[in-house]
Amino acid sequence: MPELFTDKNQCFGCGVCAEICPNKAIVMKADAEGFLYPFIDQEKCVKCGLCKSVCPIGSEIKGKQGKIYALRCKDEDLLSKSSSGGAFSVLANTVLEAGGLVCGAAFDEAFHVRHVLGNDVSSMRKSKYVQSDLKGIYSEIKEALARDTVVLFTGTPCQCQALKNYIGEDDNLIITAIVCRGVASPGLWVDYVNWLSGGEKLEEYCFRDKRVNNNGHTVSYKINGKEIVLTMDQDPFNVMYLRCLSLRPSCYTCPYTRRELPFDLTIGDFWGVEKHFKEFADGRGTSLVITRSEKGERLLEEARKEADLKQCPSDIELQEALRASAPKSMLRKLLFKDYSAMKNSTGISIDLILKKYGGNKA
Ligand SMILES: Cc1cc2nc3c(=O)[nH]c(=O)nc-3n(C[C@H](O)[C@H](O)[C@H](O)COP(=O)(O)OP(=O)(O)OC[C@H]3O[C@@H](n4cnc5c(N)ncnc54)[C@H](O)[C@@H]3O)c2cc1C
């Protein structure tokens, strides 16, 4: 059996190893912290090594610094439905108008976060600060590319690297990484959703509501027709995320928290926009866009008709998520110790965990 990893920091949970295995010997299963890891069925494993060859851990990360832009989409409705300035939507619309497909993270009916491929991007809009499941998506993208369809993929940088390793070079594939400080536990998310809904029906959840001009630092959700609106620091799941307590182990040593990446584009929030473009400093959100290839630059050029776009000096200081990985604290260890104990029915409840680690005064 090939060892896929010896230490949990050494697995991004992208699932590309399971997808490429010709014998379906690898399955992704959640650990006690609620994150997916690959498990190999030794009886089925033929030791072909394909899983190791596509694993993004250890892939060489070589890329250009790229050109930096501030972007805000012109369509007010789209801007309000986007986490920052709507860069994703204008890029996606341009690809769709040319007959291509878009792949991004969406909630399914049970509010699990999964990547989907298609031409309806409404469910892909807005950040979900939970690790997304990519099961089946690599081969779907490969099939679309084989039909000569252009595909715009958006995901965390580690997911982008996994896809790049799986597909290889393809002119029809445009890879866009989101700026990422880390992904929260999907298991903890499911327990939070169940706690929130209290047995009733959760109908909507938004991590970045734009009804107040505070750059989307508002959370909203709807349960049985009743809408609840909170600031991010009033919601326990978001407090744990913002304090970097609920992230995947590999996020704390992420090698992608840098500007030079081997992807066509990067999109994120343009934090500090007031220092450069006062006209965007109204709390309605501005996207940071970095282009690093001709493909990426061409797509942005075509998309700019839908957006206000400003190029920035190449030496501007960018946010921390492009310079350093998330800090790991002792509290993270304690949170997941309690969470694992809760899963073993020791009397610790999700209510207690959310209060202890997600209270805004914690
Ligand atoms: C887990 C996570 C961490 C982030 N951390 C930062 C950060 O530290 N700094 C920063 O500037 N920006 C960060 N972002 C990006 C930011 O929140 C916005 O997604 C980005 O600015 C794009 O916004 P938009 O207005 O263009 O469009 P939106 O419509 O809001 O775009 C959403 C895009 O994000 C993708 N996406 C949503 N959820 C996930 C997910 N769980 N996994 C993978 N892809 C997802 C969608 O596929 C889509 O492409 C993060 C996003 C996520 C999901």
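Looking only at residues that are more than 12 Å from the ligand (Cβ to nearest atom) and surrounded by 21 or more Cβ atoms within 10 Å (Cβ to Cβ) in the range 124-149, which one is farthest from Ser325 (Cα to Cα)? So, considering only residues that are more than 12 Å from the ligand (Cβ to nearest atom) and surrounded by 21 or more Cβ atoms within 10 Å (Cβ to Cβ), the one farthest from Ser325 (Cα to Cα) is Ile141. Among the residues of the range 118-138, those that are touching a residue at least 60 places away in the same chain (Cβ under 8 Å), on the phi < 0 side of the Ramachandran plot and of a type outside the set (A, V, I, L, M) comprise Ser127, Lys128, Tyr129, Gln131, Asp133, Lys135, Tyr138.
I'm trying to understand the selection: among the residues of the range 57-79, which are within 14 Å of the ligand (Cβ to nearest atom) and of a type outside the set (A, V, I, L, M)? Can you show your working first?
First pass over the range 57-79, keeping only residues within 14 Å of the ligand (Cβ to nearest atom): 68-79.
Residues satisfying the conditions are Tyr69, Arg72, Cys73, Lys74, Asp75, Glu76, Asp77.
Within the range 284-296, residues that are in a helix (DSSP H, G or I) and within 16 Å of the ligand (Cβ to nearest atom) sit with their Cβ atoms under 7 Å from residues that are open to solvent by 10 Å² or more (accessible area, probe 1.4 Å) and not hydrophobic (A, V, I, L, M, F, W, C), at 6+ positions apart or across chains, in these pairs: Gly296/Asp264. Kindly evaluate Ala110 against the criterion of being of a type in the set (A, V, I, L, M) and open to solvent by less than 40 Å² (accessible area, probe 1.4 Å). So Ala110 does not fit the description; no.
State which residue is nearest to Ser82 (Cα to Cα) when the search covers only the range 260-285 and only residues that are of a type outside the set (Asp, Glu), in contact with a Ser or Thr (Cβ under 6 Å, 6 or more places away or on another chain) and buried (at least 22 other Cβ atoms within 10 Å of the Cβ).
The first filter runs over the range 260-285 and keeps only residues of a type outside the set (Asp, Glu), leaving 261-263, 265-268, 270-273, 275-278, 280-281, 283-285.
Subset that is in contact with a Ser or Thr (Cβ under 6 Å, 6 or more places away or on another chain): 265, 267, 270, 273, 280, 285.
From what is left, the residues that are buried (at least 22 other Cβ atoms within 10 Å of the Cβ) are 265, 267, 270, 273, 285.
Details: Leu265: 18, Ile267: 12, Phe270: 13, Val273: 17, Gly285: 8 Å.
Checking each candidate, the answer is Gly285.
Selection of the range 315-339 for residues being small (Gly, Ala, Ser) and open to solvent by 30 Å² or more (accessible area, probe 1.4 Å) yields Ala324, Ser325, Ser329.
The values are calculated or read from the model by the stated rules, or taken from the named source; none is laboratory data. Computed from a prediction, not measured in an experiment: that's the story for all the values here. Here Cβ is always computed from backbone atoms with ideal geometry, including for glycine, and neighbour counts include all displayed protein chains. Surface accessibility is based on the protein's heavy atoms, side chains included, excluding ligands, DNA and RNA. Shrake-Rupley method; radii C 1.70, N 1.55, O 1.52, S 1.80 Å.
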